[in-house]
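Below is one structure, written out as C-alpha cells; comments come after it.
The values are calculated or read from the model by the stated rules, or taken from the named source; none is laboratory data. Predicted model only: the values in this text are computed from it and were never measured. With ideal geometry, Cβ positions are generated from the backbone for all residues, glycine too; neighbour counts draw on all protein chains shown.
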Amino acid sequence: MVTKAVLFDLDGTLVDNELYERENIKALVKMASKNTSLNEKEIWQKVREYRKYEGTPLWYDWRYFTKFIGAPEDSWRQVHSENLKHLKLLPGVIETLEKLKSMSVSLGIVTDAIRDVALLKIKHLKIKKFFKVIVTQDDVGTVKPDPYPILYALKLLDMSPNEAIYVGNTLNDVLAALAAGVKPILYNTNIDGHAIITRRKQTIGAPSNVPTISSIEQILEYV
C-alpha cells in the first residue's frame, strides 16, 4: 500500500522542547511562591508529586498543573509565550516537511499536548502551513497509547490506517500506532549507530521489528 499520510508526534519528534518546558516550570514555581503561602522548596515538592498523573491527560495539561502548584490561574499562558525563545525545531524538519508536501503526502500532527500550547508552538515555529490536521488531547479527550487520537486524525483525512505511518519518539507513540493499525516509526533523537538503536528499543520496550530512524530525513525512505 502506498503511503498517503504521515502523522507526527510534536514534542521530541518535530520540536526540541526540553529547555522550553524546564523554563516554563521554573517560572510557574516562582509565580506560585508569590501566590501562595508555600515557599519554592515546598512548591518543587508539589511539582514532584504531579508525577502521579504521568500517562494521563492531566500530565500534559498546563492548565491543571498551574492550578495544582498554586500559580495564578492563567499564568501558564504568560510563561509559555515569554519562553518561546527556548523552543526550536529539530534538525531537518523543514526540509523533510517540504519534501513530503512536494510528494503530495498528507501531513498531520497527533500530540498529547493541550490545543492552545500545541498551536502556540506550531505557529511560533512557522510549520502550521504543512499540516492538514492537528489533533490534541482537547480534541479527543485522551492521550497515547490510546489509538483514538491517531484514528481520529485519519478520519479527518478520510484515510485508512494502512495508508499512513506515524512517527514518534516514545513507546506510547509506537503502541498507539500499532493499536491503530498504522505503521509506527520510532524516531530516536539522541542515538547514533545500530547497537545504540537496539538498546534504545529494549530500554523503552518497543518491539524489535519497529523501524527506527536517527534523523527525520530518513522518513523519506518509508514513503
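Give me the residue from segment 133-162 that is closer than 21 Å to residue 56 by Cβ and of a type in the set (S, T, N, Q) and, out of that set, surrounded by the fewest Cβ atoms within 10 Å (Cβ to Cβ).
142
Show me the helices (runs of 4 or more DSSP H) found entirely inside segment 36-113 where at least 3 residues are farther than 30 Å from residue 160 by Cβ and not assigned by TED's automatic domain parsing to the domain that holds residue 135.
Details: elements: 40-49, 62-69, 75-82, 93-102.
Filter on segment 36-113 gives 40-49, 62-69, 75-82.
From the list 102, 81, 106, which one is surrounded by fewer than 17 Cβ atoms within 10 Å (Cβ to Cβ), in contact with a Leu (Cβ under 8 Å, 6 or more places away or on another chain) and of a type in the set (Ser, Thr, Tyr)? Before you say what the answer is, go through the steps one by one.
Details: 102 fails: in contact with a Leu (Cβ under 8 Å, 6 or more places away or on another chain); 106 fails: surrounded by fewer than 17 Cβ atoms within 10 Å (Cβ to Cβ).
Residue meeting the stated conditions: 81.
Just one of the numbered conditions (1) closer than 16 Å to residue 11 by Cβ; (2) buried (at least 18 other Cβ atoms within 10 Å of the Cβ); (3) hydrophobic (A, V, I, L, M, F, W, C) is not true of residue 165; which one?
Only one criterion is unmet by residue 165, namely (1).
Any residue at all in segment 7-16 that's surrounded by 15 or more Cβ atoms within 10 Å (Cβ to Cβ) and either without any contact (Cβ under 8 Å) to a residue 60 or more places away in the chain or over 13 Å from the mean Cα position of the chain (by Cα) (or both)? Reasoning before the result, please.
Of all residues in segment 7-16, those surrounded by 15 or more Cβ atoms within 10 Å (Cβ to Cβ) come to 7-16.
From the residues that got through so far, the ones that are either without any contact (Cβ under 8 Å) to a residue 60 or more places away in the chain or over 13 Å from the mean Cα position of the chain (by Cα) (or both) too are none.
Within segment 7-16 (the criterion being surrounded by 15 or more Cβ atoms within 10 Å (Cβ to Cβ) and either without any contact (Cβ under 8 Å) to a residue 60 or more places away in the chain or over 13 Å from the mean Cα position of the chain (by Cα) (or both)), the answer is no, since none of the residues qualifies.
So residue 182 ticks every box in (1) free of Cβ contacts under 8 Å to residues at least 40 places away in the same chain; (2) of a type in the set (A, V, I, L, M, F, W, C); (3) under 19 Å from residue 212 (Cβ atoms) but one. Which box is left unticked?
(1)
Quick one: residue 19 ticks every box in (1) loosely packed, with under 15 Cβ neighbours inside 10 Å; (2) more than 29 Å from residue 220 (Cβ to Cβ); (3) within 20 Å of the chain's Cα centre (by Cα) bar one, so which box is it?
Here residue 19 meets the rest and fails (2).
Across segment 146-201, which residue is nearest to residue 55 (Cα to Cα) among those that are at pLDDT 95 or above and hydroxyl-bearing (Ser, Thr, Tyr)?
Step by step, filter segment 146-201, then rank; the result is 148.
Of (1) at pLDDT below 95; (2) within 17 Å of the chain's Cα centre (by Cα), residue 74 satisfies all except one. Which?
Residue 74 satisfies all of (1) at pLDDT below 95; (2) within 17 Å of the chain's Cα centre (by Cα) except (2).
Quick check on my filter: what residues within segment 91-107 are more than 14 Å from residue 221 (Cα to Cα) and hydrophobic (A, V, I, L, M, F, W, C)?
Within segment 91-107, 93, 94, 107 qualify.
For segment 126-147, what are the residues that are part of a helix (DSSP H, G or I) and basic (Lys, Arg)? Steps first, answer last, please.
Going through segment 126-147, the residues part of a helix (DSSP H, G or I) turn out to be 128-130, 137-140.
Those that are part of a helix (DSSP H, G or I) and basic (Lys, Arg): 128, 129.
Looking only at segment 84-99, how many residues end up being more than 19 Å from residue 135 (Cα to Cα), crowded, with 17+ Cβ neighbours inside 10 Å and without any contact (Cβ under 8 Å) to a residue 40 or more places away in the chain?
Within segment 84-99, residues that are more than 19 Å from residue 135 (Cα to Cα), crowded, with 17+ Cβ neighbours inside 10 Å and without any contact (Cβ under 8 Å) to a residue 40 or more places away in the chain number 0.
For residue 119, indicate whether it is under 13 Å from the mean Cα position of the chain (by Cα) and either surrounded by fewer than 20 Cβ atoms within 10 Å (Cβ to Cβ) or small (Gly, Ala, Ser) (or both).
Working: under 13 Å from the mean Cα position of the chain (by Cα): yes; either surrounded by fewer than 20 Cβ atoms within 10 Å (Cβ to Cβ) or small (Gly, Ala, Ser) (or both): yes.
Judged against the criteria, residue 119 is a match.
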